[in-house]
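*Asks:* One structure, as structure tokens, below. Some questions next.
The values are calculated or read from the model by the stated rules, or taken from the named source; none is laboratory data. This structure is a prediction, so every number in the text was calculated from the model and none was measured. Every residue, glycine among them, receives a Cβ derived from its backbone with ideal geometry; neighbour counts consider all protein chains shown.
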């Protein structure tokens, strides 16, 4: 097979595999010392360990095992290796680890998934140890050469220096260093001493993007490749009853029309011809009972979960909520709703597959190359080691390209009908919008009670929604995965674990699994529950006659990190200072993905409900800030993502199918609508939080609390477009 | 056979006249910079210049481009030197996933060609492409930077 496609570092991969012998360590049991895979040398450079290769020309290759979808980890993860390695960042090249290599080497490079904002926080320790171990080996090699104690040598900027002034560069030491027994224990640098990490570094993939040279999954091109357009059952779970392809077959360029049970595919010599022919394929779908489902019937289904006496799981119970609610104080009750949402990665789902001689090659933009590999093997009916997944840059991920892997299953199923020929299956935008794994809709009942002094004494929540973990991941809802038996952790995220000092708390979960498929959508449960929690917190504060900041501050005295970011953000926003006439503020605070976030919105609302956001102050404490400029970018992007969702985002169901289809009816925010976003980056140290998702968490409640301050209208249902509110 | 000039080179394609320019570029001529995002001229990821004018190539029949000069993001730079917009995009670290950015930069370059000193309002009106990652604030800054660089570069040339 010939491919015009440039896979980075393809040649070194081959030699690397030849040289690879044993694998040290294992992921499952304490991934402490990174795998030393080979004692290699030669023109390709010396592999000091699984993460670090040094070439004679001083180029340092740092391997990266996860995905890049704009979150910036392909830069920040190697920065941590380089920091400990004491190399020259300008000489670093990043090499992508392949899922098939990871499989072959017993997952020496650990988890490859970029999901849950955890690339940095879950790998920082072994990445830093990899760098530190390699550094110590390079120092030891120099010490051996000079016959001096290693303690008299120091490494910096890719050079080992002895106290006498003698110097040797990494490129000259690497071959010897690779032969040295790796130290069992290495000391990691105090982040205060960081020289590369903690500094705003340019992302390694941006120059190629800016020059139009970045290659995404959709850009794969191979000789003889064909293109497929697909149509899945418009009603989820439906199947093809019969198909009439006579009008499509014989059209120019059309090679095949395939009935693949749950979907049909047209394969042609370019994608446009395939898509046009697909319109002419008549399919009679067997939609079953789901053909009657509507948004209204789904709402009834979820509301029944709120009222149910049975099949309810308790996520958290502190004190006696019922007694506190009945104790005679002021009681508030409210229902909040957040809708289904589509991911809308700008690059629609796609997967290119070549099945030939029992081997399966897959080119796919994926957040989890190992899951793609497993899905391809299962669909093609081949062993895992017969599959090669070629990772591509992702045109957006947001959770769509992680757990589900439906795009791989469909791509492989199509290619199976064309063995020996590479086929690129690309979904239309309509297909992508109507066959997503949606952010679950969620209906929440809240109850709270205040004592005579206005202190909250009871907090009750019941969440009714489809469980992602039970339906997509198909895992039992049991601790430690779940907060309690039967509770989906995402469904109750940020509600069940409120850090506020409230003496009586009960949080319940009604698992109500509808036919609409759900999945992980950027920030998942924290994209919707903080809206509920922090809006209701405002309701309580105002009912108590207290300032929303003061009310929260008093309740967070035993949650110093939450309190810290709340105060830092409020201070940056000058909370409490006078505002121009007609401008109002709202505030919120939430922990998400190990980071602490807060938001203050300043806005005005016209008589016609047009909201103008004058200023959005977003605070985040991620513990450590590895690439600060990238964190600022993630926060800015989070603002756009969440404002898009809260103003317009809504997937509705009619006759069992999704009503929205493309950007004309599933609206995205545009440049002119982007408000002024000020980021308060306040890393307080001592923990590692994520940055890709947390930024969204506090935005919706801060904006809605400000809308309440401006109008007296409490928003309990999103999106705002359905509440008579629009964006200026 | 439809003849076009793509990034300065004569190209031809034996395709239906109604086939959108985007798919001729991507699937027939292997020019992958213009991206498919929506197919209905909503997102602008497919933006290219036809005789210097920005068009959304997913909804632009190839027959309308016959005999015309097509410039894609691959052809925006001259002699391997980044266009001021591309240089500013790197300086401001604009892209996140980057998928829309070729189209965004083509829209920005077209704006600056017409209006070398755009106001924020001009930028609002011209930059209507979708960026799902939300890089808008940096795009705006980068356009101002590119405008400055463009004006700076032109001054000595005129003098």
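*Asks:* Take the stretch A:612-633 and flag every residue that is within 16 Å of residue A:703 (Cα to Cα) and either surrounded by 22 or more Cβ atoms within 10 Å (Cβ to Cβ) or touching a helix residue (DSSP H, G or I) at 6+ places or on another chain (Cβ under 8 Å) (or both).
*Replies:* Those that are within 16 Å of residue A:703 (Cα to Cα) and either surrounded by 22 or more Cβ atoms within 10 Å (Cβ to Cβ) or touching a helix residue (DSSP H, G or I) at 6+ places or on another chain (Cβ under 8 Å) (or both): A:613, A:616, A:617, A:618, A:619.
*Asks:* For the stretch A:1-105, please list each of the strands (runs of 3 or more DSSP E) lying entirely inside it that holds at least 1 residues being at pLDDT 95 or above and closer than 30 Å to residue A:346 by Cβ.
*Replies:* Answer list for the stretch A:1-105: A:60-64, A:92-96.
*Asks:* Still on this structure: Please work out if residue A:266 is under 30 Å from residue A:441 (Cβ atoms) and at pLDDT 95 or above.
*Replies:* no
*Asks:* So if I check each of B:153, B:149, which one is more than 7 Å from chain A (Cβ to nearest Cβ), at pLDDT below 95 and surrounded by fewer than 16 Cβ atoms within 10 Å (Cβ to Cβ)?
*Replies:* Just a single option satisfies the conditions, and that option is B:153.
*Asks:* Which ranges mark the strands (runs of 3 or more DSSP E) fully within the stretch A:403-492 that have 2 or more residues being touching a strand residue (DSSP E or B) at 6+ places or on another chain (Cβ under 6 Å) and under 21 Å from residue A:508 (Cβ atoms)?
*Replies:* A:442-450, A:456-465
*Asks:* Please enumerate the residues belonging to the stretch A:333-372 that are away from every other protein chain (no Cβ under 12 Å) and within 30 Å of residue A:460 (Cα to Cα).
*Replies:* Passing the criteria: A:333, A:334, A:335, A:336, A:337, A:338, A:339, A:340, A:341.
*Asks:* Still on this model: Out of the stretch A:219-253, which residues are within 14 Å of another protein chain (Cβ to nearest Cβ), buried (at least 22 other Cβ atoms within 10 Å of the Cβ) and touching a strand residue (DSSP E or B) at 6+ places or on another chain (Cβ under 7 Å)?
*Replies:* A:220, A:226, A:227, A:228, A:229
*Asks:* Out of all the residues in the stretch A:389-399, is one or more more than 30 Å from residue A:500 (Cα to Cα), away from chain B (no Cβ under 14 Å), touching a strand residue (DSSP E or B) at 6+ places or on another chain (Cβ under 8 Å) and not in a strand (DSSP E or B)?
*Replies:* no
*Asks:* I'm told residue B:128 meets every condition in (1) assigned to a helix (DSSP H, G or I); (2) surrounded by fewer than 24 Cβ atoms within 10 Å (Cβ to Cβ); (3) facing another protein chain (nearest Cβ under 7 Å) except one. Can you identify the failing condition by its number?
*Replies:* Single failed check for residue B:128: (1).
*Asks:* On the given criteria, is residue B:118 more than 10 Å from every other protein chain (Cβ to nearest Cβ) and not in a helix (DSSP H, G or I)?
*Replies:* Against the criterion (more than 10 Å from every other protein chain (Cβ to nearest Cβ) and not in a helix (DSSP H, G or I)), residue B:118 qualifies.
*Asks:* Here's a follow-up. Which of the residues spanning the stretch A:373-392 are closer than 20 Å to residue A:71 by Cα and either surrounded by 24 or more Cβ atoms within 10 Å (Cβ to Cβ) or assigned by TED's automatic domain parsing to the domain that holds residue A:490 (or both)?
*Replies:* A:391, A:392
*Asks:* Right, here's the next one. Might you check whether a residue that is facing chain A (nearest Cβ under 10 Å), out of contact with any helix residue (DSSP H, G or I) (no Cβ under 8 Å at 6 or more places or on another chain) and modelled with pLDDT of 95 or more occurs anywhere in the stretch B:29-40?
*Replies:* Yes, some residue in the stretch B:29-40 is facing chain A (nearest Cβ under 10 Å), out of contact with any helix residue (DSSP H, G or I) (no Cβ under 8 Å at 6 or more places or on another chain) and modelled with pLDDT of 95 or more.
*Asks:* Name every residue in the stretch A:132-155 that is farther than 30 Å from residue A:385 by Cβ and in contact (Cβ under 8 Å) with a residue 40 or more places away in the chain, in order of residue number.
*Replies:* Matches in the stretch A:132-155: A:132, A:135, A:136, A:137, A:138, A:140, A:155.
*Asks:* A further question follows. Take residue A:637 and decide whether it is surrounded by fewer than 18 Cβ atoms within 10 Å (Cβ to Cβ) and touching a residue at least 12 places away in the same chain (Cβ under 8 Å).
*Replies:* no
*Asks:* Within the group A:197, A:134, A:142, which residue is within 25 Å of residue B:90 (Cα to Cα), crowded, with 20+ Cβ neighbours inside 10 Å and more than 14 Å from chain B (Cβ to nearest Cβ)?
*Replies:* Of the residues listed, the single one that is within 25 Å of residue B:90 (Cα to Cα), crowded, with 20+ Cβ neighbours inside 10 Å and more than 14 Å from chain B (Cβ to nearest Cβ) is A:197.
*Asks:* Condition (residue is in contact with a strand residue (DSSP E or B) (Cβ under 7 Å, 6 or more places away or on another chain) and within 14 Å of another protein chain (Cβ to nearest Cβ)) applied to the stretch A:78-99: is it met by at least one residue?
*Replies:* No, the stretch A:78-99 contains no residue that is in contact with a strand residue (DSSP E or B) (Cβ under 7 Å, 6 or more places away or on another chain) and within 14 Å of another protein chain (Cβ to nearest Cβ).
*Asks:* So, one more: Please count how many residues of the stretch A:634-654 are within 22 Å of residue A:203 (Cα to Cα) and either out of contact with any helix residue (DSSP H, G or I) (no Cβ under 7 Å at 6 or more places or on another chain) or in the same structural domain as residue A:70 (by TED's automatic domain parsing) (or both).
*Replies:* Going through the stretch A:634-654 one residue at a time, the tally reaches 1.
*Asks:* Then there's this: Can you tell me which residues in the stretch B:94-111 are in a loop (DSSP other than H, G, I, E, B) and within 7 Å of chain A (Cβ to nearest Cβ)?
*Replies:* Selection gives B:95, B:96, B:97, B:98, B:99, B:100.
*Asks:* Also, I was wondering about something else. I'm checking my understanding of the structure. Among residues of the stretch B:56-86 that are at the interface with chain A (Cβ under 8 Å from one of its Cβ atoms) and touching a residue at least 12 places away in the same chain (Cβ under 8 Å), which one is nearest to residue A:74 (Cα to Cα)?
*Replies:* B:86
*Asks:* Need at least 2 residues that are modelled with pLDDT under 95 and at the interface with another protein chain (Cβ under 10 Å from one of its Cβ atoms) per element, so show me which strands (runs of 3 or more DSSP E) inside the stretch A:566-679 make the cut, counting only ones lying wholly within it.
*Replies:* Hits in the stretch A:566-679: none.
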